[in-house]
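Q: Could you have a look at this structure, given as structure tokens, before my questions?
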Amino acid sequence: MTAVPLAVLDLVPISSGSTAAQALRNSIDLARAAERFGYARYWFAEHHLNPGVAGTSPAVTLALTAAATSAIRLGSGAVQMGHRTALATVEEFGLIDALHPGRLDLGLGRSGGRPAGVDPGQQRRRERRGGRRQRACGSHQLLGGEWRQRHRM
């Protein structure tokens, strides 16, 4: 019988009465424990405008966690491309991969909406210039070299 690989999906929750800094420390501690227990992957979700969640930047949480662990695969589940550019996303993950080669999984997703106060005209102009799907495809096209080959993109 083959063992089922286990993974953790972390929102970096901020406990009642706690801080974002403590939430990050808790997530890093949990990733270390998952690595010790033989988990295969540790994923970070990206969420915005939620005061109970500190997971707003997968690249930052992945970099901090990669530095604190040694072997567990780390991933984004998923980078919300409606809030980021393809170039910035690829460069951020490429930089982390340079220090922690072969340990990253880049999950791409679309955003669920826009924050209040964002100019709808600006949103429409951005979507006319390519929209979410094209930005996600652009990320795949920008990935190149050794990182791309390891991740079969």
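The values are calculated or read from the model by the stated rules, or taken from the named source; none is laboratory data. Please read these numbers as outputs of a predicted model, since none were measured by experiment. Cβ atoms come from the backbone with ideal geometry, glycine included; neighbour counts cover every protein chain shown.
Q: Please find, within the range 66-87, the residue that is surrounded by the fewest Cβ atoms within 10 Å (Cβ to Cβ) out of those that are part of a helix (DSSP H, G or I) and either modelled with pLDDT of 95 or more or in contact with a Phe, Trp or Tyr (Cβ under 8 Å, 6 or more places away or on another chain) (or both).
A: Taking the range 66-87 as the starting set, the residues that turn out to be part of a helix (DSSP H, G or I) are 66-68, 81-83, 86-87.
Adding the requirement that they be either modelled with pLDDT of 95 or more or in contact with a Phe, Trp or Tyr (Cβ under 8 Å, 6 or more places away or on another chain) (or both) leaves 66-68.
Working: ALA66: 20, ALA67: 12, ALA68: 14.
Per the criteria, the residue is ALA67.
Q: Would you check if ALA88 is of a type outside the set (Phe, Trp, Tyr) and within 17 Å of ALA7 (Cα to Cα)? Before you say what the answer is, go through the steps one by one.
A: Details: of a type outside the set (Phe, Trp, Tyr): yes; within 17 Å of ALA7 (Cα to Cα): no.
Taking the combined requirement at face value, the residue does not satisfy it.
Q: Next question. Determine if the range 17-40 includes at least one residue that is closer than 21 Å to ASP97 by Cβ and of a type in the set (Phe, Trp, Tyr).
A: Scanning the range 17-40, I find at least one residue that is closer than 21 Å to ASP97 by Cβ and of a type in the set (Phe, Trp, Tyr), so the answer is yes.
Q: Oh, and also: Do you know which of the residues in the range 47-65 that are within 12 Å of the chain's Cα centre (by Cα) and crowded, with 21+ Cβ neighbours inside 10 Å is nearest to ASP10 (Cα to Cα)?
A: GLY55
Yes/no matrix, rows are residues, columns are (1) part of a strand (DSSP E or B); (2) surrounded by fewer than 14 Cβ atoms within 10 Å (Cβ to Cβ); (3) touching a His at 6+ places or on another chain (Cβ under 8 Å):
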position	(1), (2), (3)
PRO5	no, yes, no
LEU9	yes, yes, no
SER16	no, yes, no
ALA21	no, yes, no
SER27	no, no, no
ARG32	no, no, no
GLU35	no, no, no
GLY38	no, yes, no
